[in-house]
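Down below is the structure, laid out as structure tokens.
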């Protein structure tokens, strides 16, 4: 029986995976300005049509883009400061402390110490000169258009600073419930922090719109990433507490995680609060419609992280941090995607369906008309001869050599057992004395999966030193950066090979959908009824 929601992914295309933070640049972290434009130029040069990134929200302790203070706000660290200098909001010398930060990795401690002071200078000038416009856009208009989330986020950040950074369930009781707070009547010290955060979001989304326009001009679509869960210490949980399973003091009744799997033999404890799906269903999933609608205003395509939790999810009881003590619960299932589809008719989503996947998850993904993910590194050394090997791929899927949670392909090769190494090399025709990602890149491009997305680290054949994240660990992650010389190498070395693969394997992104037709004389026969 055909799916009620046809799959949106029709053309064969290819793209690259690189988070904004990993771009080169001189202010301690990648930004939305010149570094991003230069990367778009590489994608164009390589004949790629997609750019996949990680979540762009503001990060807190641990620096993970998957643990953000807001599902709606942008990360102010990604601001390009050059336009602020050009418009007189900053003096060139005022960015010197940021220029002194490392260029080959991200020093989040140094950013936290220096970046906010620089942005505060820009805010004070903007305020003192009674400006409203930046890059031709109105601050007041931005505030009014985004008040549904901006007011709550700004108040949250101001109150969090007033409470010395403590999580909101630990705040003094008059401020613990958003419904009891009047954002227009906050104490003066809170307003002194919250108002600049409105301004930083105005700057962020002004520059984000410019980047989106630059990508569209080049025919490049941006794939965003939406974590299914939110952080407890976030404006989302504070402002929309009724959406989550929290007690009267704001503490989770149960939290999210995953059982033991490929990434962790003991499972993973995430600690995110779980949704009150009964309440959400009674509101026709209004909060999710709001969240997804905002996301599709930012991205062309959305990767929905941990898709399986819409079918079943792992519930860990409050009071324990051992994921092995969890229980599998039923998610909202098909009803959720049917109602979302009616309210948001254009929802090009990639379902992150990795890990232990049941028949129910597969049926839900197909019902919703969503392509799933295939990861070549999982073909051997994970669950041998599984669906991640190219000869098992299906057209309505997205293939990766690895994701942001995987080692680089070269690093992964070094980790294989002798038996896995031999099987992998035989399958991908990789000589015994060669450690290179390119046979895997070629196999991904040759796959019948309509979209191939490839980590930039693999284009450069980098080893484990370039790994972006190690799931289950809390330190040393999210810090890798592309250096200027490596960006040049991408243009010179990687782009010609990628253009060759684009043409060789018909990944031109041109909307053609090739259907099988039998050669003359071999048409399928029909049986009499």
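Structure data summary
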read-out: Failed item in (1) part of a helix (DSSP H, G or I); (2) over 28 Å from residue 395 (Cα atoms), with residue 469 passing the rest; value: (1)
read-out: Selected residue [modelled with pLDDT of 95 or more and more than 28 Å from the chain's Cα centre (by Cα)] from 501, 516, 428; value: 428
read-out: So residue 361, is it touching a residue at least 12 places away in the same chain (Cβ under 8 Å), buried (at least 21 other Cβ atoms within 10 Å of the Cβ), closer than 28 Å to residue 227 by Cβ and in contact with a strand residue (DSSP E or B) (Cβ under 8 Å, 6 or more places away or on another chain); value: yes
read-out: Single match in 90, 79, 98 (criterion: over 27 Å from residue 441 (Cα atoms), crowded, with 23+ Cβ neighbours inside 10 Å, at pLDDT 95 or above and out of contact with any strand residue (DSSP E or B) (no Cβ under 7 Å at 6 or more places or on another chain)); value: 79
read-out: Within the stretch 255-264, considering residues that are crowded, with 18+ Cβ neighbours inside 10 Å and either over 13 Å from residue 315 (Cα atoms) or modelled with pLDDT of 95 or more (or both), the one nearest to the chain's Cα centre (by Cα); value: 256
read-out: Residue among 162, 123 that is touching a helix residue (DSSP H, G or I) at 6+ places or on another chain (Cβ under 8 Å) and in contact (Cβ under 8 Å) with a residue 40 or more places away in the chain; value: 123
read-out: Flag for residue 153 being farther than 25 Å from residue 133 by Cα, surrounded by 18 or more Cβ atoms within 10 Å (Cβ to Cβ) and modelled with pLDDT of 95 or more; value: no
read-out: Helices (runs of 4 or more DSSP H) (entirely within the stretch 262-346) containing at least 2 residues that are within 19 Å of residue 252 (Cα to Cα); value: 277-282
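The values are calculated or read from the model by the stated rules, or taken from the named source; none is laboratory data. Model, not experiment: these values are computed from the prediction. With ideal geometry, Cβ positions are generated from the backbone for all residues, glycine too; neighbour counts draw on all protein chains shown.
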